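One structure below.
The values are calculated or read from the model by the stated rules, or taken from the named source; none is laboratory data. This is a predicted model, so every value here is computed, not measured. Note that we place each Cβ from the backbone using ideal geometry, even for glycine, and neighbour counts take in every protein chain shown.
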Protein chains: 2
Amino acid sequence: MNKETGMESWELLARIVETGDATLIESYLDGLSPNETARAISRISPEDQNRLFALLDPEEAAGVLREIPDAQAADVMEELPADTAAAILSAARSDDQADLVAELGDEEAEAIIDRMAPARAAGLRKLLTYPPDTAGGIMITEFLAYRDSLLGRDLVDDLETHRDEYADISVQYMYVVDKDEKLKGVLRMRDLVFPPKTKPISETMITDPMSVEVDQTLHELELFFERHALLGVPVVDSNGCLLGVVRRSDVEEAVAKRSQRQFLSFSGIVGGEEFRSMPLLSRAGRRLSWLSINIVLNIIAASVIAMYQDTLAAVIALAVFLPMISDMSGCSGNQAVAVSMRELSIGLVRPNEVLRVFGKEIAVGILNGIVLGALLGGVAILWKGNAYLGLVVGVALAANTIVAVSLGGLLPLVLKRMKLDPALVSGPVLTTVTDMCGFFIVLSLATVLLGRLTG
Amino acid sequence: MNKETGMESWELLARIVETGDATLIESYLDGLSPNETARAISRISPEDQNRLFALLDPEEAAGVLREIPDAQAADVMEELPADTAAAILSAARSDDQADLVAELGDEEAEAIIDRMAPARAAGLRKLLTYPPDTAGGIMITEFLAYRDSLLGRDLVDDLETHRDEYADISVQYMYVVDKDEKLKGVLRMRDLVFPPKTKPISETMITDPMSVEVDQTLHELELFFERHALLGVPVVDSNGCLLGVVRRSDVEEAVAKRSQRQFLSFSGIVGGEEFRSMPLLSRAGRRLSWLSINIVLNIIAASVIAMYQDTLAAVIALAVFLPMISDMSGCSGNQAVAVSMRELSIGLVRPNEVLRVFGKEIAVGILNGIVLGALLGGVAILWKGNAYLGLVVGVALAANTIVAVSLGGLLPLVLKRMKLDPALVSGPVLTTVTDMCGFFIVLSLATVLLGRLTG
């Protein structure tokens, strides 16, 4: 909130947009942090959003869109006239272009790309053919490349002549290619501090430069930058031709995005980001798609209880313990899921090391199962004064904790081998299996000991 | 696994350590990726770990420790003789030193720091006084700073003379200070491509350089690097004196660590990382500390059921639906928690915007509550042929979904304002409240309609 006027940033932004003064809008947005920009834009009306982006020049508009989350930027783009959207997209950096288009609907994306200049459209279409979590999907295509025969002096001249033009390009490295565009070497800015001016740059460059292939995965890129203290690496095709550059910061951004997606899937937000500025029906519908799978799984699990209605009718106190056994097994199992997901993500465990994880988890399950079972059994005895009730409830919780902890530890490994997303699938599978198992143990034990429980 | 020998990397490492040949160990570890290094070291015996780090020279050992997670590295350090540990710690980079010491026990840390050279120990102790998630806690103290009166030629000479020594220091920027160590300017490597050699560097440098204060928070640093395309920023104290440099990559690393901690807390792994190479009792105990809070909360929630035993005895079918209502409300509520946490983290919502979030969430809660309630009510009617049972179950699930979704949306905001960790506290509070509320709604409704349900 603005302390002087008492107005929220979006109220002020809406007023400024109404003036139609592009310079005023630019200088106001320049003063906001990226978070505040995202907030202000998400809160003004769709009409004001349209007006705002139509008023700004495309370069400036692309800069503003870069500061807000991709899903939100795509929502804004879809509302704009296709020509305006195409101009803004053309002004964006290559990797931002690809990220934005990935969030657009297919039809909207086509309509916008069709209106871009043919060369840019072709470049973007080419970029879009690479899967998002690969070097091709992460790289930028803005870089400096020079022929190997160029003289050192001419390179320095070129840099000085195009100083302004190159200002937007990150020139930590310059790449050297042969006549077939094959990558031959790399020059660092520091190599130009004392350049041999009258020799071809092929004599100054670092030869045999490191590079990655266009189809290498995000995980491989992470490992590459872990091992090499570089700011960027050239991307080549299978012939060794230079296609683009993957920067360290782009890899870090992609990793951060992946862990956000993981956190959201883990909590049942599926199909990408949800922001509260999105339409109600789409928010409710996407959440419901996940909930409806869960309710079916819940009904299946509860059917175990339905088979033991006579036992329940005889010992009604059991009904009090069923939800607790279900919830506690979920908690114990989820801890093991989290440790496995973390160990998998940093490579401390491999998906095929099922036995090792089982051994490590069952030990924790037995220890914690005994403690929790004794605790709940004790509460049952104190409450009803029946040692057998305590025995049934305690043994059931102990046994089910062992099941939940070992299953929770193994699930992410097994799902990973089945190419399923552990963040998405572990939770529902764990809950369903441990519910069924827990209900079965407590109710079948109670059925066997029915005489003692009702005596 | 090594394809030729069929041996796992740690089996090979253990054998190589037994040879006692430091060069062999170094070249073997150099060939492993950081993930594989962490894995191999975590799997060899504590004795072999000791032998390994005692054999390597401290520089090399510090490099290896850098590649494995801090918690694991600290475990290794604690097992080493304090002199060896001190030598390794001295060889590590300043920010790694601070991260490592933060994971050590207080006594172990003291014993190791006491054995470092006095100047280094003092530097490290100074670094440790800064809170971890601030500029002081994240900065490195290895940087190049020159007096403003130095001539351009002398600076270039210094760089050439110390080329090897400076190789480890990231020299994207050099800093210029006055006689009181006050930050006066910044030089980029590219400014040295055409340096005015006979003039003092104060004439070439960028004056009024950007800087951050030593107590700025991680969040403020994130915003700083979002706004400014810089690789690093100098850190100054309240007098403007240069203390260190925060690099973009360090901020990204700190943010990634924070989101890992968040994911683990969210799943009930509290008090830092858990790896399966840690001792069983400490793993089980830490998980149990979280589970025992949950079981108490569960007992409190279940006490609501205990108050309605007569109703349950009369309509035993209700016992089948209790765990489902508990579980489904947890699912719906957690979705809202995740959206709030995500919106809070990117600043789309502020902790005081309770009304906005409530309005947005209650709408989703009503829609999804009606759909889920109708579904579960329908199942109840199909199963027992009693429309009133369907009504009770359906209305209870609908009402409790509304409660869970609005509460889930609000909890992270409220907890944030109370300075509690939403990732840690949201889950248990949400489950307990929605369980109590759900059990109460279904059982009190059933009590009112008891005649119709048993008829």
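Take B:I88 and decide whether it is more than 26 Å from B:V186 (Cβ to Cβ) and in contact with a Phe, Trp or Tyr (Cβ under 7 Å, 6 or more places away or on another chain). Against the criterion (more than 26 Å from B:V186 (Cβ to Cβ) and in contact with a Phe, Trp or Tyr (Cβ under 7 Å, 6 or more places away or on another chain)), B:I88 qualifies. Residue pairs whose Cβ atoms lie under 9 Å apart, sitting 6 or more positions apart in sequence or on different chains, and linking a residue in the stretch B:289-313 that is more than 9 Å from chain A (Cβ to nearest Cβ) to a partner that is assigned to a loop (DSSP other than H, G, I, E, B), are B:S289/B:V270; B:S289/B:G271. Does B:G347 satisfy being without any contact (Cβ under 8 Å) to a residue 24 or more places away in the chain and within 11 Å of chain A (Cβ to nearest Cβ)? Against the criterion (without any contact (Cβ under 8 Å) to a residue 24 or more places away in the chain and within 11 Å of chain A (Cβ to nearest Cβ)), B:G347 qualifies. Filtering the stretch B:359-396 to residues that are facing another protein chain (nearest Cβ under 8 Å) and basic (K, R) leaves only B:K360.
The residue that is farthest from B:G373 (Cα to Cα), among those in the stretch A:314-331 that are among the β-branched types (V, I, T) and facing another protein chain (nearest Cβ under 7 Å), is A:I316. Filtered by the rule that a residue be assigned to a helix (DSSP H, G or I) and charged (D, E, K, R), the stretch A:267-293 gives A:R283, A:R286, A:R287. Residues that are under 19 Å from the mean Cα position of the chain (by Cα) and closer than 18 Å to A:I41 by Cα within the stretch A:66-102 comprise A:R66, A:E67, A:I68, A:P69, A:D70, A:A71, A:Q72, A:A73, A:A74, A:D75, A:L100, listed in sequence order. Checked against the criterion of being surrounded by fewer than 17 Cβ atoms within 10 Å (Cβ to Cβ), under 30 Å from A:R261 (Cα atoms) and in contact with a helix residue (DSSP H, G or I) (Cβ under 6 Å, 6 or more places away or on another chain), the stretch B:220-229 contains one or more residues that satisfy it.
Taking the options A:I316, A:I293, name whichever one is under 24 Å from the mean Cα position of the chain (by Cα) and more than 16 Å from B:R342 (Cα to Cα).
Numbers: A:I316 fails: under 24 Å from the mean Cα position of the chain (by Cα).
Step by step, each of A:I316, A:I293 is checked, and only A:I293 is under 24 Å from the mean Cα position of the chain (by Cα) and more than 16 Å from B:R342 (Cα to Cα).
Residues to consider are B:G369, B:G373, B:G285, B:G365; find the one that is more than 27 Å from A:K257 (Cα to Cα), within 33 Å of the chain's Cα centre (by Cα) and modelled with pLDDT of 95 or more.
On the way: B:G369 fails: within 33 Å of the chain's Cα centre (by Cα); B:G373 fails: within 33 Å of the chain's Cα centre (by Cα); B:G285 fails: modelled with pLDDT of 95 or more.
None of the other options fit; the residue is B:G365.
Give, as residue ranges, the helices (runs of 4 or more DSSP H) completely inside the stretch A:350-455 that count at least 3 residues that are within 26 Å of B:R276 (Cα to Cα). I'd like the intermediate steps shown before the answer.
On the way: elements: A:354-384, A:387-417, A:422-448, A:450-454.
Those helices (runs of 4 or more DSSP H) span A:354-384, A:387-417, A:422-448.
Looking only at the stretch B:262-272, filter to residues that are more than 7 Å from every other protein chain (Cβ to nearest Cβ) and either surrounded by 17 or more Cβ atoms within 10 Å (Cβ to Cβ) or at pLDDT 90 or above (or both); which one of those is nearest to the chain's Cα centre (by Cα)? First the steps, then the outcome.
As a first pass, look at the stretch B:262-272 and keep what is more than 7 Å from every other protein chain (Cβ to nearest Cβ): B:262, B:265-266, B:270-272.
With the extra rule that they be either surrounded by 17 or more Cβ atoms within 10 Å (Cβ to Cβ) or at pLDDT 90 or above (or both), the set shrinks to B:262, B:265-266, B:270.
Working: B:Q262: 5, B:S265: 9, B:F266: 11, B:V270: 11 Å.
The selected residue is B:Q262.
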